[in-house]
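Please read the structure below before turning to the comments.
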Amino acid sequence: MELSGIVDLESHPVSDLDFQRQCQATLDRQGVLSLAQFIDAEAMGNMLDESLRLREQAYFCRQTHSVFLNAPDHSLPANHPLNRTVTTSKGCVCDDLIAPDSILRRLYDSIMFRGFVKTVVGHAEIYPYADSLSSINIHYAERNQELGWHFDNSSFAITLMIQKPDAGGRFEFIRDYRFSSDGKENYSGVTDLLDGKLQPERLEIEPGTLVLFRGKNSVHRVSPNESDRTRILAVLAYNSLPGVALSESARRTFYGRLT
Ligand SMILES: O=C(O)CCC(=O)C(=O)O
Ligand SMILES: [Fe+2]
């Protein structure tokens, strides 16, 4: 079977409809689905080796951006949440450097895995990115590197923890935080968050854990890595429409190249 030796199918029977529905219900209820020990232990070792080997080719960059990832709006005050900035600093290895026979690619390409993802997120079909860089990414966060608070552009995200730092590097989130009950953007809530007035939820993610997350409406961040062990995480990105490429400006910013 295409996923045997990759996914622990006994604990996570991804092609079983009942299991799929259960995962879908969890995602809908919690905004996040976390499947611990999703990847088989031996496959995990393999994935860690590949990601450590690839680290020297990672593109490291540091950006400031708003929580909404918008361009600054100069008609609004500097302290408006559309203009306030947070920092993101990390390294990224792009799809074209990840081997065709790697565990990550076999998982990403698997019809069985895609079938599972489709049911859980409720999309009729899912497609890889049309550009050669964006479908599978490996993120590296060294000491003090972090992902600032943000809402994702895509409706769902899939991550796979490969190596956990010894301290910090925590995934924190507040679900359904983008809009207030009147349907307007929750600017006051985001201001409170940036002012440190709220305690977000934290997700403990061990290596081998698959996380499926609705990041468009749930604000989230990864706190600074407070250790010398690199946080290494794979992002598996799909689109609900075919032929979609990541924008050139985003590729230039996050990958340092277009192709
Ligand atoms: O690193 C993580 O756990 C989350 C990644 C993330 O939020 C993103 O890539 O947009
Ligand atoms: Fe995100």
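The values are calculated or read from the model by the stated rules, or taken from the named source; none is laboratory data. Computed from a predicted structure; not experimentally measured. Here the Cβ is made from the backbone with ideal geometry for all residues, glycine too, and neighbour counts use every protein chain on show.
With respect to Gly215, determine if the residue is buried (at least 17 other Cβ atoms within 10 Å of the Cβ) and either assigned to a strand (DSSP E or B) or within 15 Å of ligand 2 (Cβ to nearest atom) (or both). Yes; evaluated as a whole, the condition is true for this residue. Pairs under 8 Å by beta carbon, first residue over 19 Å from Phe151 (Cα atoms) in the stretch 190-208, partner modelled with pLDDT of 95 or more and exposed (fewer than 13 other Cβ atoms within 10 Å of the Cβ), six or more apart or different chains? Going by the 8 Å Cβ cut-off, the qualifying pairs are Gly208/Ala41. Here's a check for you: in the stretch 165-177, which residue that is more than 14 Å from ligand 2 (Cβ to nearest atom) and either surrounded by fewer than 20 Cβ atoms within 10 Å (Cβ to Cβ) or among the acidic types (Asp, Glu) (or both) is nearest to Leu54 (Cα to Cα)? Per the criteria, the residue is Asp166. Looking across the stretch 218-252, the residues that are surrounded by fewer than 13 Cβ atoms within 10 Å (Cβ to Cβ) and either in contact (Cβ under 8 Å) with a residue 12 or more places away in the chain or assigned to a strand (DSSP E or B) (or both) come down to Asp228, Leu241, Pro242, Gly243. Apart from one condition, Ser135 fits all of (1) buried (at least 22 other Cβ atoms within 10 Å of the Cβ); (2) within 13 Å of ligand 2 (Cβ to nearest atom); (3) under 27 Å from Leu17 (Cα atoms); the exception is (2).
Restricting the stretch 138-153 to residues that are within 11 Å of ligand 2 (Cβ to nearest atom) and in a strand (DSSP E or B) leaves a set whose member that is farthest from Arg84 (Cα to Cα) is His139.
Quick grid of which residues meet (1) within 19 Å of Ala36 (Cα to Cα); (2) within 16 Å of ligand 1 (Cβ to nearest atom); (3) not in a strand (DSSP E or B):
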{"site": "Thr88", "(1), (2), (3)": "no, yes, no"}
{"site": "Tyr108", "(1), (2), (3)": "yes, yes, yes"}
{"site": "Tyr129", "(1), (2), (3)": "no, yes, yes"}
{"site": "Ser155", "(1), (2), (3)": "no, yes, yes"}
{"site": "Leu160", "(1), (2), (3)": "yes, yes, no"}
{"site": "Asp166", "(1), (2), (3)": "yes, no, yes"}
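The number of residues in the stretch 20-45 being part of a helix (DSSP H, G or I) and either buried (at least 17 other Cβ atoms within 10 Å of the Cβ) or small (Gly, Ala, Ser) (or both) comes to 9. Selection of the stretch 183-213 for residues being of a type in the set (Lys, Arg) and in contact with a strand residue (DSSP E or B) (Cβ under 7 Å, 6 or more places away or on another chain) yields only Arg202.
I need a count of the residues in the stretch 203-259 that are polar (S, T, N, Q) and more than 18 Å from Thr88 (Cβ to Cβ).
Quick first cut of the stretch 203-259, residues polar (S, T, N, Q) only: 209, 217-218, 223, 225, 227, 230, 239-240, 247, 249, 253, 259.
When the remaining residues are screened for being more than 18 Å from Thr88 (Cβ to Cβ), the result is 209, 217, 227, 239-240, 259.
Number satisfying all stated conditions: 6.
If only residues of the stretch 178-212 that are aliphatic (A, V, I, L, M) and assigned to a loop (DSSP other than H, G, I, E, B) are counted, the one that is nearest to ligand 2 (Cβ to nearest atom) is Ile205.
Here is a check on your reading of the model: is Val219 closer than 23 Å to Val235 by Cβ, at pLDDT 95 or above and touching a Ser or Thr at 6+ places or on another chain (Cβ under 6 Å)? The answer is no for Val219.
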